[in-house]
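A short worksheet on the structure shown next.
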Amino acid sequence: MSERNYKPVPVFSINHASMRVSNPKIMVEWLQGIFGFPIVARQGDSVVFRIGDGPQYFSILGEPTDKPGYTHFGFSVEDFDPNDFIQRLKSLGYEQSNYPDAGKFTLRNRGTDKGGAVEGTPELFIGDPDGLIVQIQDAKYAGGGGLLGDVTYAIPEEAPTKGLVDTIELNHCTLGVSNGAESLKFYQSIFDLPVDTYQGPTPVLRVGTGNASLVLYELSGPEAKGVKPRIDHTCFAVKDFDVNRIEKDLGEFGMNVLGQAWRATGPLQTYYTQRMPDRGGDASGDTKELYLTDFDNNVIQLQDIRYAGGCGALGDVRGTGVDKPFEPCGCGMH
């Protein structure tokens, strides 16, 4: 089949994000202390936390590592058929492999030893141009068992505490990429991800019909020297988003509150930025974005449930920013 027979696939939502850490036990306690996530499944030693009402989730790999960071993120699509998707990828020139390196994809059948179905839960992974991994699953996929991965614990393992913030959903994933145009072409050739907003030269690709997005920023400025392509951070949308209140609660939880800053200087810190018009923000600097770092300096962002990567006090005004993807805007902050 030729490439022209396939249109880009509509994406239902961001399905999940996964992380490896130096101390999984401590990380589980830390995440539950802040977010109150219930555990709804396990994939071997890996822990699956439900986000909001599900099926979105966040997972922590069970084995400790000396190279912590995000491992991959997932998209969900309606009526996922792995065989059909494989034919689609082959038509676009992607190669099936044992590992999803750049330009390659892998089909895994997760067995009962990893919480999957007896006959295997099919899971599809694709490597983008930088080798960053995106997983493709059905819209019902929840990191559990069954052929669709939708079978989770009948009774979730509730967190010891309610948590500090009421988390509703995964709002976005931000990728640091080596070649923005190449990455944009990759994601838009496979998936229907229109750009509806810019943060300076950084395109915000809309995921589904809500506020979720995939953000691609190019590692091209002086501040990116020596930084390798990576999943830079994920963002949780929370109820009653208030920077001052959340900072206070995080400070009492033991986080180091930096206030306004461009980035963290180490682990267990929280800070906020004020995105201005040169980065698609509000003219008054009211577009505040709140971040925190975990024990391994992995970054998590928190925003209002209406946040869409745009301007306005809540970042909910779309169609903003400089419509020049990956062209330097002179602010030195991308």
**Fill in**
If we ask which residues in the range 101-155 are among the acidic types (Asp, Glu) and surrounded by fewer than 17 Cβ atoms within 10 Å (Cβ to Cβ), their number turns out to be 3
**Request:** With the condition kept exactly as written, say whether any residue in the range 74-89 is under 28 Å from Leu250 (Cβ atoms) and either within 20 Å of the chain's Cα centre (by Cα) or acidic (Asp, Glu) (or both).
**Result:** yes
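What do you reckon, is Ala181 closer than 28 Å to Tyr94 by Cα, part of a loop (DSSP other than H, G, I, E, B) and in contact (Cβ under 8 Å) with a residue 60 or more places away in the chain?
no
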**Request:** Quick one: in the range 274-302, of everything that is at pLDDT below 95 and among the hydroxyl-bearing types (Ser, Thr, Tyr), which residue is nearest to Glu218 (Cα to Cα)?
**Result:** Thr287
**Request:** Please verify whether the range 24-42 includes one or more residues that are within 18 Å of Thr121 (Cβ to Cβ), in contact with a Gly (Cβ under 9 Å, 6 or more places away or on another chain) and open to solvent by 30 Å² or more (accessible area, probe 1.4 Å).
**Result:** yes
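From the list Asn5, Asn98, pick out the single residue that is modelled with pLDDT of 95 or more, open to solvent by 40 Å² or more (accessible area, probe 1.4 Å), in contact with a Ser or Thr (Cβ under 9 Å, 6 or more places away or on another chain) and not small (Gly, Ala, Ser). Spell out the reasoning first.
Values: Asn5 fails: modelled with pLDDT of 95 or more.
Going through Asn5, Asn98 in turn, just one is modelled with pLDDT of 95 or more, open to solvent by 40 Å² or more (accessible area, probe 1.4 Å), in contact with a Ser or Thr (Cβ under 9 Å, 6 or more places away or on another chain) and not small (Gly, Ala, Ser): Asn98.
Looking only at the range 75-107, which residues are β-branched (Val, Ile, Thr) and farther than 19 Å from Asp150 by Cα? If you could, list the steps in order and put the result at the bottom.
Step one: filter the range 75-107 for residues β-branched (Val, Ile, Thr), giving 77, 86, 106.
If the condition is that a residue be β-branched (Val, Ile, Thr) and farther than 19 Å from Asp150 by Cα, then Ile86, Thr106 are the ones that fit.
Among the candidates Ser178, Ser189, which residue alone is among the polar types (S, T, N, Q) and in contact with an Asp or Glu (Cβ under 7 Å, 6 or more places away or on another chain)?
Values: Ser189 fails: in contact with an Asp or Glu (Cβ under 7 Å, 6 or more places away or on another chain).
Answer to the selection: Ser178.
Given Pro24, Pro55, Pro68, which one is in contact (Cβ under 8 Å) with a residue 40 or more places away in the chain and either at positive phi or more than 16 Å from the chain's Cα centre (by Cα) (or both)? Spell out the reasoning first.
Working: Pro55 fails: either at positive phi or more than 16 Å from the chain's Cα centre (by Cα) (or both); Pro68 fails: either at positive phi or more than 16 Å from the chain's Cα centre (by Cα) (or both).
Exactly one of Pro24, Pro55, Pro68 is in contact (Cβ under 8 Å) with a residue 40 or more places away in the chain and either at positive phi or more than 16 Å from the chain's Cα centre (by Cα) (or both), namely Pro24.
Conditions (1) surrounded by fewer than 20 Cβ atoms within 10 Å (Cβ to Cβ); (2) among the hydrophobic types (A, V, I, L, M, F, W, C); (3) assigned to a strand (DSSP E or B), marked per residue:
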| position | (1), (2), (3) |
| --- | --- |
| Asp240 | yes, no, no |
| Glu252 | yes, no, no |
| Val257 | yes, yes, yes |
| Thr273 | yes, no, yes |
| Leu292 | no, yes, yes |
| Phe295 | yes, yes, no |
**Fill in**
Listed by first then second residue, the pairs whose first member lies in the range 206-217 and is under 24 Å from Asn179 (Cβ atoms) and hydroxyl-bearing (Ser, Thr, Tyr), whose partner is open to solvent by less than 10 Å² (accessible area, probe 1.4 Å) and in a loop (DSSP other than H, G, I, E, B), with beta carbons under 7 Å and at least 6 positions apart or on separate chains, are Ser213/Val207; Ser213/Ala308; Ser213/Gly309
**Complete:** Counted residues in the range 275-290 being among the hydrophobic types (A, V, I, L, M, F, W, C), open to solvent by less than 20 Å² (accessible area, probe 1.4 Å) and in a loop (DSSP other than H, G, I, E, B) come to 0
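The values are calculated or read from the model by the stated rules, or taken from the named source; none is laboratory data. Everything quoted here is computed from the prediction, not taken from an experiment. Neighbour counts are summed over all protein chains in view; Cβ atoms, including those assigned to glycine, are modelled from backbone coordinates with ideal geometry. What goes into the accessible areas is simple: the full protein's heavy atoms, side chains included, and nothing from ligands, DNA or RNA. Shrake-Rupley method; radii C 1.70, N 1.55, O 1.52, S 1.80 Å.
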